[in-house]
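Okay, so here's the structure we're looking at.
FYI, it's all coordinate maths here, none of it is from the lab. What you see is a predicted model; the values in this text were computed from it and never measured. So basically every Cβ, Gly included, is an ideal-geometry build from the backbone, and we count neighbours across all protein chains shown.
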Amino acid sequence: MRYQITGKQIDIGEALQTHVQDGLGAAVQKYAERPTDANVIFSKSASEFVCEATVHLSTGLTAQAKAHDHEIYAAFEKCCEKMEKQLRRYKRRLKDHHSSRSEPVEQFGASSYILASDNDEMESEPEGLQPMIVAEMETKIPSLSVGEAVMQMELAGAPVLVFRNEGKDGLNVVYRRDDGNIGWIDPQ
C-alpha cells in the first residue's frame, strides 16, 4: 500500500510517519484485502490536532475518517479506530460484493463545477440564465450496483453519490434523505 502522509502548516517527523504506516496498515489489512493507497493529513485547529485519513481500496471504494485531539498521536489513534470500525462494519458487504465482482470498478470521466451565488443578484431579476462558474475540475463516475453505490456513499461520508448503474447502463443518484433513509433516483 502506498502512503502519503502530510502536514498542513506543521512538521511531520519520521517517527510519526512510521507510526502511521504501521498502525493504519495493520488496521486496514485486517478488514480490506487489497488496499491500494492511503492519504493521511495532519493539521492544527486552535489547540487541537486534526487527523484526516482516506484509504482507497482496489474494489473502487473509498473509506474516510477524521478525528481530533490535543496530542497528535492520540488524534491519529482515534482516526485509525474510526477507520477500523468503519471497515469492520462493512467487511461482510465488501466481501459479498468482492466475490461477485471479478474486475475493479470501472470509472468514467466527468466535469464538476462549483457555481457562485451572489445574494444581491438573487433579489433582482437575473440578466442571463447562465450562472457564474467559480471552479471546474475533473471527477470520476464509478460504474456500480445500487448496493455498492450506497455502501460507497456511506464509506465516504458523502450526502449524495452519482454513479453509472451496471444493470441499466444509465446514470443514477443515491442520496441521504432528511428522515435518515437512502433515496435512489433512477431516470427512465
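General observations
- Ascending count of other beta-carbon atoms within 10 Å, so fewest first, for Thr59, Thr18: Thr18, Thr59
- In plain terms, the residue of Lys78, Lys168 with the fewest other Cβ atoms within 10 Å comes first and the most crowded comes last, giving Lys168, Lys78.
- Between Val173 and Lys30, the modelled label-to-label distance comes to 3.8 nm, taking each label 7 Å out from Cα in the direction of the beta carbon.
- Relative contact order for the stretch 2-90, counting Cα pairs under 8 Å that sit 6 or more residues apart, in percent: 26
- Fewest-first ranking of Val150, Val160, Val174, using other Cβ atoms within 10 Å as the exposure measure: Val160, Val150, Val174
- Once backbone amide H atoms are built at 1.01 Å from N, Ser145 has Glu166 as its partners under 5 Å, excluding neighbours fewer than 5 places away on the same chain.
- Spacing of the two label points (7 Å from each Cα toward its C-beta) at Asp69 and Met1, in nm: 1.8
- Residue-count net charge about Glu77 - beta-carbon cut-off 11 Å; Lys, Arg +1, Asp, Glu -1: -2
- Sequence-distant lysines (8 or more away, or on other chains) whose Cα lies within less than 18 Å of Lys91: Lys30, Lys82
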